[in-house]
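We did not get these values from a lab; they are worked out from the coordinates using the rules stated. Being a predicted model, the structure only gives us computed values, none of them experimental. Note that each Cβ is placed from the backbone with ideal geometry, even for glycine, and that neighbours are counted across all protein chains shown.
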Amino acid sequence: MSGEQPQPLAGLRVLDLSRFIAGPMCAQILGDMGATVIKVERPGGEDARRNRPFAGEHSIYAMIYNRNKHGITLNTRAPEAVDLLERLIVESDVIVENYRPGTMESMGLSFERIQEINPRAVLTSISGFGQSGPNSHRAMFDAIAQAASGLMSLTGGPEDPPLLTGTYIADYLGAFHAVMGTMFALWSRESTGVGQHVDIAAVDALFGILNTHPSDYAMNGHLSERTGSRDQVTMPANAYPCADGHVYLHAGTDPLFPRLCRLMGREELAQDPRFVGQAERLEHRDELETLVTGWTSQLPCAEVEAQLIASGIPASTVLTVAEAVDSEQVRAREMMIDMVHPVYGLTRLPGIPIKLSQTPGSARKPPPLPGEDNAAIYGELLGLGEAELARLRSAGVI
């Protein structure tokens, strides 16, 4: 991707105090759209730099959340750190943090203090349970949010124990909500002139995507069982075995089901009283799935997928990650991008899913090494001289 096109967030400065996934991902998205992002890590680098998998000696985990950032180091426990942080906050539009609630206050950097030194600053806080409520003090990892939100109870088959999703969905949704909240606060600042505190909880983000389950329980007292890969409101819609893998198809609507029956060579099933409508198909789902499996299991995935798509039935082969990475669609959408880092070498990172026609985002700067930009940020932005930088380095502050 070219960095020569206009950037929608050019001129915005983001101070990234976060670690691991949710906060760094939020800041990276803002950076992808043109913001200048200053990532603050402790000397030696954040803990995420020691997470697997590795490319040589470098953590891929840390790479994929930190492109388009300027890396500086700061020992936030050092007495002089708060003064440096405050000077950085004065120069920033947005501060992103995902400490446990109360940590910023203990550092002397409450939102009220931030407002005193920079009334226009937006503080975006991402935590497990949010800044309020009886659980706000609790530590959080993605799996805890999946458990606490109700999502884990819905994942898996009827006979399975509750299951985690295959990725860190709470962290990612927390990041996406944080980006939205940040942009809403910045838009509000255009008319009010002042920033505000954006409070994002990973558990809230997951609870908000539970579809009809919370309201169905609240209004009807009904709790759904785990359904695996089956759609919960229509049939047939599931991942069906083929001769060489699985294809997910969705032919549960009344217009689509007869098309599937024709492909199967069983047109009469469309008029079968057991399957004539969505309610009937759901009631007889096991019988229907046996019939569909009898067709799909005799054919390779590519043939099943091709026939379904030609008939207008939504379907896809269930791809492995390797197959998805190498797919024409991922290449066409630039969802894997190559960046060359002077130390890492070639990095292949997930691309930018937000496509803007006039002001697209871009991958301009590879993930920084710890403290890679200390001289530029502390020296050029804050005006510290080389002698002062040397003193701070020798004192273990930066």
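For segment 197-220, the candidate set comprises residues that are within 20 Å of Phe129 (Cβ to Cβ) and in a loop (DSSP other than H, G, I, E, B); within that set, the residue that is farthest from the chain's Cα centre (by Cα) is Leu210. Residues of segment 44-57 include at least one that is part of a loop (DSSP other than H, G, I, E, B) and buried (at least 16 other Cβ atoms within 10 Å of the Cβ). None of Thr76, Thr124 is touching a strand residue (DSSP E or B) at 6+ places or on another chain (Cβ under 9 Å), in a loop (DSSP other than H, G, I, E, B), β-branched (Val, Ile, Thr) and surrounded by 15 or more Cβ atoms within 10 Å (Cβ to Cβ) except Thr76.
Can you say whether Val194 is among the β-branched types (Val, Ile, Thr), surrounded by fewer than 18 Cβ atoms within 10 Å (Cβ to Cβ) and in contact (Cβ under 8 Å) with a residue 40 or more places away in the chain, as far as the supplied structure shows?
Values: among the β-branched types (Val, Ile, Thr): yes; surrounded by fewer than 18 Cβ atoms within 10 Å (Cβ to Cβ): yes; in contact (Cβ under 8 Å) with a residue 40 or more places away in the chain: yes.
The answer is yes for Val194.
Pro370 falls short of the stated requirement of being surrounded by 12 or more Cβ atoms within 10 Å (Cβ to Cβ), over 21 Å from Arg42 (Cβ atoms) and in contact (Cβ under 8 Å) with a residue 60 or more places away in the chain. Tallying residues that are outside any loop (DSSP other than H, G, I, E, B) and either closer than 19 Å to Ile60 by Cβ or in contact (Cβ under 8 Å) with a residue 40 or more places away in the chain (or both) within segment 324-340 yields 8. Kindly check whether there is at least one residue in segment 282-289 that is assigned to a helix (DSSP H, G or I), touching a helix residue (DSSP H, G or I) at 6+ places or on another chain (Cβ under 7 Å), aliphatic (A, V, I, L, M) and surrounded by 15 or more Cβ atoms within 10 Å (Cβ to Cβ). Yes - at least one qualifying residue is present in segment 282-289.
Just one of the numbered conditions (1) crowded, with 17+ Cβ neighbours inside 10 Å; (2) touching a residue at least 60 places away in the same chain (Cβ under 8 Å) is not true of Cys301: (2).
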